[in-house]
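Structure, as structure tokens:
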Amino acid sequence: MKIGKFIYGSLLFAMLGMIGCSDWLDVQPKTSVPEEDLFAEEFGFQDALTGFYLKMGAPELYGREMTYNYMDMLAGRYEYAPNITNWEDIYNYNGTYKATKDKFFSGVYNIIANINNFLYYLDANRSVITTPNYYEIMKGEALGLRAFLHFDMLRIFGPVYAENPEERSIPYRKVFNNEATPALSASEVVDACLSDLHQADTLLQKVDQDIFIHDINVDPFLELRQFRMNRWAVKAMLARVYCYRGDAESKQKAYAYATEVVESGLFPLAESLGTGNRILFEEHIFGLHIYEMEKVVDVDFVNQSASMVMGISRETFNKLFETAAGGSTDFRSNNAAFREVSVTEGVKKVLSKYDQSGYAFDMLPDRTGSYSGADVMPLIRVPEMYYIMAECDENAQSSAEILDMVRFKRGIASSDATDGGKGYDELDNREGFDNEHTRRINDLMREYAKEYYGEGQLFYFYKRHNYKTFDNCSLQDVREKYQFPLPENEDIFGITGK
């Protein structure tokens, strides 16, 4: 059975009625709907599109494993976790974590197959799309999502791009059928991602309405756009993919797209962190609403005993946030971000980012205004755009200044500014830093490590720059573990070509 047959004839995941904003965000998923009925009317397309985001939020995908759990384990984020006694086991992709790895692939390609089916019917039944701009918005979102999902599969199952861009990686599925698709080289997948993103950018540029609040007076399909692949999320993805490609021309494009997002003014950098907004919701360019998120995250961070809850030692925490060297004022390390628990070995620091208890409300059915950010998993936040600009800037000093725009907002004193002077782009000879990378890259790595704790992004940075090892890594040389093996029974997932 090929990938298309997994779901041919009906969508296998939740579809919701689009009565209002609060409905599509907090109603429990319902049963599937046959496609011939689903795509016969405009609201069916709305429901199907909503279903993609809901499925992405499953615990085996972005709701847990592909964000704060397994992907962050791989990046050395935790020293304590249930049932892990040998941390080298987390890199056993065809043994201990085979099921986890295979679910990434099958789950994401299931969503991609449904997106392709959606795109087919969107054009075939375009006459039922009668609301102005809906066709462009829905097609732009779907194309952007297809690129987003394929790109993450490339970052996981593809090679270290800078080392082997022509190595076989993954298929790029554009058609909903039962035909096997050849696995492409990494560079071909990047080209396909960029093609979809540029199409999405063109479609969304003039019609997306930039409504990032809940407003009872507007079309609920067009509000709270950070929960959808909005036009700024597409531009952010263009910045992310061009930075990943990494050649001089691509870096210029990455810088330009990241600058465009920053200069939109829609995603201001937060200057404080409190219990009512631990995830810095105003910075979200794209994220997912996770239904009853506390049932997922509390298992890892709250409901376990002190000895079992996921966390790191105080010593590792202090090293991460450089508390003895100017980092003590960094609000990313404050009591709203991490809590302390006592264990036999000493004090453990436990992530509080996803603790739902501090939110005064979840949905806003009867008011207009900002949303608190409850039950949200961030996927793209604006600091990444600054980091991309800092990485791609041709000028060392302005690169350092861009990096400090985030650091100073996080509470780090201006007296601790990043030194972008001579040697910034030479190999780093500082003690305690990777001497095979430049000071610029190591300074960026240090900020990714602080900023994206619990979001699954750090491992991708390490892989993109091919770090031999990193802080709290259980391997002396992790480079052979950066590329996940494809599922053993590749034919099941519609892959051909060795």
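The values are calculated or read from the model by the stated rules, or taken from the named source; none is laboratory data. None of the values given here were measured: they were computed from a predicted structure. No Cβ is skipped: glycine too gets one built from the backbone with ideal geometry, and neighbour counts run over all protein chains shown. Areas reflect the complete protein model, heavy atoms only, side chains present, ligands, DNA and RNA absent. Shrake-Rupley method; radii C 1.70, N 1.55, O 1.52, S 1.80 Å.
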Among residues belonging to the stretch 133-171 that are farther than 20 Å from T181 by Cβ, of a type in the set (A, V, I, L, M) and in a loop (DSSP other than H, G, I, E, B), point out the one that is least open to solvent (accessible area, probe 1.4 Å).
V160
Consider the stretch 172-197. How many of its residues are open to solvent by 60 Å² or more (accessible area, probe 1.4 Å), at pLDDT 95 or above and not in a loop (DSSP other than H, G, I, E, B)?
2
Those residues of the stretch 88-100 which are out of contact with any Leu (no Cβ under 9 Å at 6 or more places or on another chain) and either crowded, with 22+ Cβ neighbours inside 10 Å or hydrophobic (A, V, I, L, M, F, W, C) (or both) amount to A99
Could you pull out the residue among D300, D330 that is in contact (Cβ under 8 Å) with a residue 60 or more places away in the chain, of a type in the set (D, E, K, R), over 20 Å from R225 (Cα atoms) and out of contact with any helix residue (DSSP H, G or I) (no Cβ under 8 Å at 6 or more places or on another chain)?
D300
Within the stretch 224-261, restricting attention to residues that are of a type in the set (S, T, Y) and under 20 Å from P383 (Cβ atoms), which residue is most open to solvent (accessible area, probe 1.4 Å)?
Y255
Quick test of your reading of the structure: I216 fulfils all but one of (1) in contact with a Lys or Arg (Cβ under 8 Å, 6 or more places away or on another chain); (2) closer than 26 Å to A254 by Cβ; (3) outside any helix (DSSP H, G or I). Name the failing condition by number.
(2)
Which residues, counting only those in the stretch 262-280, are of a type in the set (S, T, N, Q) and surrounded by fewer than 15 Cβ atoms within 10 Å (Cβ to Cβ)?
S272, T275
Per the filter on the stretch 106-123, residues open to solvent by 40 Å² or more (accessible area, probe 1.4 Å) and in contact (Cβ under 8 Å) with a residue 24 or more places away in the chain are Y120, Y121
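Return the residues of the stretch 178-205 that are of a type in the set (D, E, K, R) and in contact (Cβ under 8 Å) with a residue 12 or more places away in the chain; say none if nothing qualifies.
The answer is E179, E188, D196, D201.
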From E431, E436, E401, E394, grab the single residue that is within 19 Å of A248 (Cα to Cα) and open to solvent by 50 Å² or more (accessible area, probe 1.4 Å).
E394
Those residues of the stretch 309-326 which are in a helix (DSSP H, G or I) and either open to solvent by 40 Å² or more (accessible area, probe 1.4 Å) or more than 19 Å from F408 (Cα to Cα) (or both), in sequence order:
R314, E315, T316, F317, N318, K319
Which members of the stretch 90-105 meet the condition of being hydroxyl-bearing (S, T, Y) and in contact (Cβ under 8 Å) with a residue 12 or more places away in the chain?
Y91, Y93, Y97, T100
Step by step: first the residues of the stretch 467-497, then only those that are part of a loop (DSSP other than H, G, I, E, B), touching a Pro at 6+ places or on another chain (Cβ under 9 Å) and surrounded by 16 or more Cβ atoms within 10 Å (Cβ to Cβ), then the one that is modelled with the lowest pLDDT. Which residue is that?
G494
State yes or no: is D375 over 24 Å from G287 (Cβ atoms) and touching a residue at least 12 places away in the same chain (Cβ under 8 Å)?
no
